[in-house]
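Worksheet: one structure, shown below.
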């Protein structure tokens, strides 16, 4: 980033590709997908595994492709190399998990529907992968801590809306770090939420907490990603030479 004579910034955008607009949308929708799937499993007459598989495949493909490119291209954004870790790696991990879920729901749709308890069946199948989900949760805690300690995520004043808080970097750092931490809470609780999960009863305890935090953060990431389509376009216009 190069300061302008007027005090603003000029950014060479050929050195700063970014996907956290579509990533945020897909990640938010993916979290809401998990919550929705848990609810749908309790309504067998309305549950269509193929539809949930298609949704997971679309979201998983977006997150896997963008996350893999950001993870493997170091640094993808020359100005912010830590974005590879913050946005790329969690997106890659979440994307692959969604693709695995899509494959399972598509290939085993008949088995799931014929099961006397589809929720319990899927919980048993997901249990081995829950270790990785738990690990991702710990990683998200690390990202949240880094965001607060190093005051990351702050937008420059040239960015519309978010840039209004440029003089107070702790505001956006707290907001984004809080989102990452809450998603991490759901991920850490996920292995324990699978225990006793069933289609015949409403989730309670740990499963409810995980569902609430993922539902809230999923909606937040979805809306924030949609907002970023305006703010990031404005930032590019305001900082291009």
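Remarks
- Taking region 38-70 as the range and being in contact (Cβ under 8 Å) with a residue 24 or more places away in the chain and assigned to a loop (DSSP other than H, G, I, E, B) as the test, the residues that pass are 41, 42, 44, 47.
- The lone exception for residue 153 - which of (1) surrounded by 17 or more Cβ atoms within 10 Å (Cβ to Cβ); (2) in contact (Cβ under 8 Å) with a residue 60 or more places away in the chain it fails: (2)
- Residue list for region 177-198, restricted to those being buried (at least 21 other Cβ atoms within 10 Å of the Cβ) and more than 18 Å from residue 134 (Cβ to Cβ): 177, 179
- Yes/no for residue 154 being touching a helix residue (DSSP H, G or I) at 6+ places or on another chain (Cβ under 8 Å) and assigned to a helix (DSSP H, G or I): no
- Selection status of residue 60, over 26 Å from residue 197 (Cβ atoms), in contact with a helix residue (DSSP H, G or I) (Cβ under 9 Å, 6 or more places away or on another chain), buried (at least 16 other Cβ atoms within 10 Å of the Cβ) and at pLDDT 95 or above: no
- A Cβ distance below 8 Å, combined with a sequence gap of six or more or placement on separate chains, defines the contacts here; from region 86-114, residues that are on the phi < 0 side of the Ramachandran plot and modelled with pLDDT under 95 reach residues that are surrounded by fewer than 22 Cβ atoms within 10 Å (Cβ to Cβ) and not in a helix (DSSP H, G or I) in the pairs 113/44; 113/47.
- Residue in region 229-236 that is over 30 Å from residue 13 (Cβ atoms), part of a helix (DSSP H, G or I) and under 23 Å from the mean Cα position of the chain (by Cα) present: no
- The residues on offer are 76, 31, and the sole one that is within 21 Å of residue 221 (Cβ to Cβ), crowded, with 16+ Cβ neighbours inside 10 Å and within 18 Å of the chain's Cα centre (by Cα) is 31.
The values are calculated or read from the model by the stated rules, or taken from the named source; none is laboratory data. On a predicted model such as this, the values are computed, not experimentally measured, just so you know. Virtual Cβ from ideal backbone geometry, glycine too; neighbours counted across all protein chains shown.
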